[in-house]
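Each value in this text was obtained by applying a stated rule to the coordinates, not by laboratory testing. Everything quoted here is computed from the prediction, not taken from an experiment. Please note: Cβ atoms are built from the backbone with ideal geometry, for glycine as well, and neighbour counts cover all protein chains shown.
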Amino acid sequence: MLGKMQDWPLRLTRVLDHAANVHSRREIVTYEADGSVNRSNWFNVARDARKFARYLEANAIKPGDLKASNSWERIISDDADSAMPPTDFKKQLTEKQKEIIKKWIE
Ligand code: HEM
């Protein structure tokens, strides 16, 4: 969908590309909760976002292959570091919902 103020679709990828092209080396400083400081820039953020998007495209859902579907592995995981939704998230999937997702992938 085109926006009213530009002749290109208002998509997040486009905004990220703009940031990477025009503000490439502008520093992004993040103060983490543990007191550490993380410094990056828009070039790195855009590169990492593309890398992660490619990973998700290839691995999040593999139709017909539950074991190779990283999303499914996370849904059935007991490991607090990888379980999805996160174990401390207020809404969890019911067994019925998991069954629907399982059938959809299979
Ligand atoms: C390859 C698959 C997935 C990856 C890599 C992934 C990654 C992540 C990450 C990094 C977070 C942030 C965790 C944090 O802040 O501690 C997150 C949050 C979350 N994810 Fe996933 N996820 C995946 C699949 C899923 C699936 C399949 C579901 C639902 C069935 C899901 C539901 C959620 C929810 C509800 C949150 C919390 C959002 C919030 O705190 O507001 N994720 N995910």
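Summary of computed values
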item: Among (1) in contact with a Phe, Trp or Tyr (Cβ under 7 Å, 6 or more places away or on another chain); (2) closer than 29 Å to Ile28 by Cα - the single one Ala49 does not satisfy; result: (1)
item: Residues of the stretch 14-43 that turn out to be outside any strand (DSSP E or B), of a type outside the set (A, V, I, L, M, F, W, C) and touching a residue at least 12 places away in the same chain (Cβ under 8 Å), as a count; result: 5
item: Selected residue (only one of Glu57, Glu95, Glu99, Glu32 is in contact with a strand residue (DSSP E or B) (Cβ under 8 Å, 6 or more places away or on another chain) and of a type outside the set (A, V, I, L, M, F, W, C)); result: Glu32
item: Tabulated pairs, the stretch 77-106, first surrounded by 12 or more Cβ atoms within 10 Å (Cβ to Cβ), second of a type in the set (Ser, Thr, Tyr) and not in a helix (DSSP H, G or I), C-beta under 9 angstrom, 6+ apart or interchain; result: Ala83/Ser77; Met84/Ser77; Ile105/Ser69
item: Residue within the stretch 60-67 that is on the phi > 0 side of the Ramachandran plot and touching a residue at least 24 places away in the same chain (Cβ under 8 Å) present; result: yes
item: Exclusive hit being over 15 Å from the mean Cα position of the chain (by Cα) and not aliphatic (A, V, I, L, M), set Lys102, Lys51; result: Lys102
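Listed here are the residues, each with its yes/no results for (1) away from the ligand (no atom under 12 Å from the Cβ); (2) within 30 Å of Asn21 (Cβ to Cβ); (3) not in a loop (DSSP other than H, G, I, E, B).
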position	(1), (2), (3)
Val45	yes, yes, yes
Ala49	yes, yes, yes
Pro63	yes, no, no
Lys67	yes, no, no
Trp72	no, no, yes
Lys103	yes, no, yes
